[in-house]
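Taking it in order: structure first as structure tokens, then the write-up.
The values are calculated or read from the model by the stated rules, or taken from the named source; none is laboratory data. What you see is a predicted model; the values in this text were computed from it and never measured. Cβ placement follows ideal geometry from the backbone for every residue including glycine, while neighbour counts extend to all protein chains displayed.
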Amino acid sequence: MIISPHKTAVRSAAGDTQRDGRIKVIDQHGRIAWQKKTGYGLRNYADLAAQRYKRIFGNARKTRALPQQKIEAWISASALNRMPNLGILAPIKI
């Protein structure tokens with residue numbers, strides 16, 4: 001997991017660490033370029049998908065047995081993937 005350094009982060013005097021390398025790249029190329037290079041923004045997409053799933057279908061499965069829970073999750077995910085095509089989750093710029 002990659003954790004983004006704070007905006008006011010400075011390099012440490014201790015030496016060359018991973019954190020220092022990230023700060024150096026951010027200073028040279030910018031935060032947005034660093035996020036694209038490392039795939040940092042993909043974590044947000046996964047979090048949003050999980051939030052959307054839980055908000056619409058709930059946090060718990062309705063069935064008891066694991067095979068039926070797998071089927072229920074598959075059906076829910078399929079329905080969630082079809083919603084943008086129906087126009088339900090279309091983003092609107094305000």
Quiz prompt | Some residue of segment 65-86 being exposed (fewer than 12 other Cβ atoms within 10 Å of the Cβ), in a loop (DSSP other than H, G, I, E, B) and of a type outside the set (A, V, I, L, M, F, W, C) | solution = no
Quiz item: If residue 4 passes every condition in (1) in contact with a Phe, Trp or Tyr (Cβ under 9 Å, 6 or more places away or on another chain); (2) at pLDDT 80 or above but one, which one does it miss?
Solution: (2)
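Matching residues to (1) acidic (Asp, Glu); (2) surrounded by 14 or more Cβ atoms within 10 Å (Cβ to Cβ); (3) touching a residue at least 12 places away in the same chain (Cβ under 8 Å); (4) touching an Asp or Glu at 6+ places or on another chain (Cβ under 9 Å):
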| site | (1), (2), (3), (4) |
| --- | --- |
| 2 | no, no, yes, no |
| 14 | no, no, no, yes |
| 18 | no, no, no, no |
| 23 | no, yes, yes, no |
| 27 | yes, no, no, no |
| 32 | no, no, no, no |
Practice problem: Would you check if residue 51 is surrounded by 10 or more Cβ atoms within 10 Å (Cβ to Cβ) and over 18 Å from the mean Cα position of the chain (by Cα)? | Solution: no
Practice problem: Being in contact (Cβ under 8 Å) with a residue 12 or more places away in the chain and among the acidic types (Asp, Glu) is the filter here, so list the residues in segment 44-88 that pass it. | Solution: none
Exercise. Out of the residues in segment 7-54 that are among the small types (Gly, Ala, Ser) and assigned to a loop (DSSP other than H, G, I, E, B), state the one that is modelled with the lowest pLDDT.
Key: 15
